[in-house]
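See below for the structure under consideration.
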Amino acid sequence: METAGSRLLTLAVLMELIAICLSSTGLGAVAGGLFILCFLGAGKRLHTYARLLLLVSLVVTAGFFVRGLLGVDRLIKASADAAFYAAFLGSLGMMQCLVRRFEVLHRIHDVLLGGRVTWLYPKYAVVSCGIASVLSFGMMNLLCGSLSGTLEARGVAGESRQQWLRSVLTSALRGFALVPLVAPTSVAVAILTRELPQLSWFMLLPYGLAAAVILIVVGWLLEQQRFRRVSSERVVLDQWPSGTLRLLSLVLTVFSLMAVIVSVTDFKISVAAMLAVPSITLLYMLWEERSVAVVLEEGVAQVSAMHNEMAIFSASAILGVSVSSLIPKDALSGLVTTPGGMWVFAVVGMLSLPLLSVIGIIPITVLSVQAGLLPQLVAEGLDPVLISAALVIGFSLAMMLSPFGPSVMLLSRFGRVPRWVVAFRWNSAFILIAVPLLLLLLALEIVFLPTML
């Protein structure tokens, strides 16, 4: 984006963070309008998918409003939600400013491939999830970009290169997909807790952990042999790269500040992350650079670099509010009066996310619509925790399967592999084994667990 547009986009992020601190929906709606102006002003600098999704969401919302199907209150909510989700991504993405400052992040693959071969897959998945919890999509940039550079520098090509890509990057993608299940910084958690104030990340965590364990074990069984071949070509490090302890201290500081914010305010942990991540990042950059101008310039550039993803998040929020507003309040009444009915409802909700993502409807759009329906169902007796657990599982699966999703497209670009291969061929066996196990897990949690307690 141009300099003026980049600064305006950063101002919109800052305005939304202030709106959150003041609990001001009106200011949030103004921030949403500012975001939309920035995205429209970007024009063809937005990727085609982001541009089309934004235009569709605005046209649909305007059409509903003109026809009297959408009230002013829903327009304000749509704008405020658009600002929240764009700022969520923009603020968490600030951690990407730290990547170039730490050698350990540039040599992350040599670090992760060390140790016993048996543990390489779960190590990659868990560490990828941990990094993505802080860096969000920056994690895929980091792992994909560093691996591509490493392979080119060492002259790894042909079948060997393909094995590296399939083992390492698929593991990283699946680790990234664990974020909605276990991380408080997940946009899926932010969407659900925003629509259901009685819900919290801590309530979802036990169910997310159970699903994450299943996904890690399935991947572990499938990838062990391939990792054995890859690990023989790694460079063994004599010691940890410089700056490792400092990086770990920074991450620990971020999460500690998040815990403090949650303990002394009424903010959800996702909001605490939006405040803590840019604060610690900017303070560290200022301490290192000793120049406010340099820090501000880099911060603005980092926010601007995410304008495509932020546009997608904003458009999805607007579309979610508009579409969910048209569904009659009693349309789903009576569907969740029994545990069996709730399981069927949860399964449909879970599977709709990856299935629709396959045809280009990204999971954040689907989840935004689904989340808009939940308050009325919860008022009728639906357990918000169990249905939300099903939706975050579906969101996790969609992140691996959507050939249009940012994570798969990043992996495809850096690995020079068609995104259809990444989404379907590399993950087909994994999904075919994991999905039935996850459906059994949902049955245990929804049908059997309540009767056992």
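Remark: segment 427-435, residue by residue, has Karplus-estimated 3J(HN,Hα) of 10, 4, 4, 4, 5, 4, 7, 6, 4 Hz, where x stands for each Gly or Pro and the curve is 6.51 cos²θ - 1.76 cosθ + 1.60 at θ = phi - 60°. Each Lys or Arg adds one and each Asp or Glu subtracts one; over the other residues with Cβ under 14 Å from the Cβ of A86, this totals -2. Note on segment 65-104: Cα-only Rg and Dmax are 17.8, 57 Å.
For E195, neighbours were defined as the other residues whose beta-carbon sits under 14 Å from its Cβ, and their charges (Lys and Arg +1, Asp and Glu -1) total +3. A crude spin-label estimate for the pair A301 and S256, with each label 7 Å from Cα along the Cβ direction, gives 3.1 nm.
Look at where the Cα atoms of segment 238-308 and of segment 337-358 average out, and the two centres are 37 Å apart.
When you count, for each residue, the other Cβ atoms within 10 Å and take the mean per peptide, how do 187-195, 311-319, 372-380, 11-19 rank with the highest first?
My ranking of the peptides, most packed first, is 311-319, 187-195, 11-19, 372-380.
How about segment 1-89: which trypsin sites (Lys or Arg not before Pro) there are in a DSSP loop, with at most 13 other Cβ atoms within 10 Å of their Cβ? Listed in order of number, the matching sites are R67. Name the shape class, rounded, prolate or oblate, that the alpha-carbon gyration tensor gives for segment 347-393, where a ≥ b ≥ c are the square roots of its eigenvalues, rounded holds for a/c under 1.5, and otherwise prolate holds if a/b is larger than b/c and oblate otherwise. Here segment 347-393 falls in the prolate category. Count Lys and Arg as plus one, Asp and Glu as minus one, and take only other residues whose Cβ is under 13 Å from that of L54; the net charge is then +2. Does segment 1-65 come out rounded, prolate or oblate, given a ≥ b ≥ c as the square roots of the eigenvalues of its C-alpha gyration tensor, rounded meaning a/c under 1.5 and, failing that, prolate meaning a/b above b/c? Judged from the Cα gyration tensor, segment 1-65 comes out oblate (a/c at least 1.5, b/c at or above a/b). Based on the alpha-carbon gyration tensor of segment 341-453 and its eigenvalue square roots a ≥ b ≥ c, which shape applies: rounded if a/c is under 1.5, prolate if not and a/b is larger than b/c, or oblate? Since a/c reaches 1.5 but b/c is at least a/b, the shape of segment 341-453 is classed as oblate.
Bear in mind these aren't lab numbers, they're just calculated from the coordinates by the rules spelled out. Note that this is a predicted model, so its numbers are computed, not measured. Quick reminder, even Gly has a Cβ in these numbers, built from the backbone with ideal geometry, and neighbours come from all protein chains shown.
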